[in-house]
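Read-outs throughout are calculated quantities, based only on the coordinates presented, and are distinct from any laboratory measurement. What you are looking at is a predicted structure, and each value in this text was computed from that prediction instead of being measured. Please note: Cβ atoms are built from the backbone with ideal geometry, for glycine as well, and neighbour counts cover all protein chains shown.
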Amino acid sequence: MHDLPDIRRLADAFDGRLNVLGRPGMPSIAELADAGVCRISIGSTGPGIAYAAFGRAAAQLLAGGDYLPEQAMVLPTGGDDAKDTAAELPTGR
């Protein structure tokens, strides 16, 4: 179901907290919340995205031996704003 008016009618008629599966082509999170949706799931797309990235990295290595830029390994430093700060892992030895 992608139609926002249909989602709104379902949320209004549903006696509980409505959960929807978020997919491309769905209304925005703000629109869904305004329509009465309480939770948006991504289902199995999270692992699927990870598997696809792993496949791209493996294909790149097999084709030319180069690593993808996304393969740079960083760890949060644990500072006040850990999402914006990262420390590179030690290399090699």
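So what does the Cα-only Debye profile of the stretch 1-66 read at q = 0.15 Å⁻¹, as log10 I(q)/I(0), no solvent term?
The calculated log intensity ratios at q = 0.15 Å⁻¹ are -0.57.
Measuring from label point to label point, each 7 Å out along Cα→Cβ, what is the residue 49 to residue 31 span in nm?
Simple spin-label model gives 2.0 nm for this pair.
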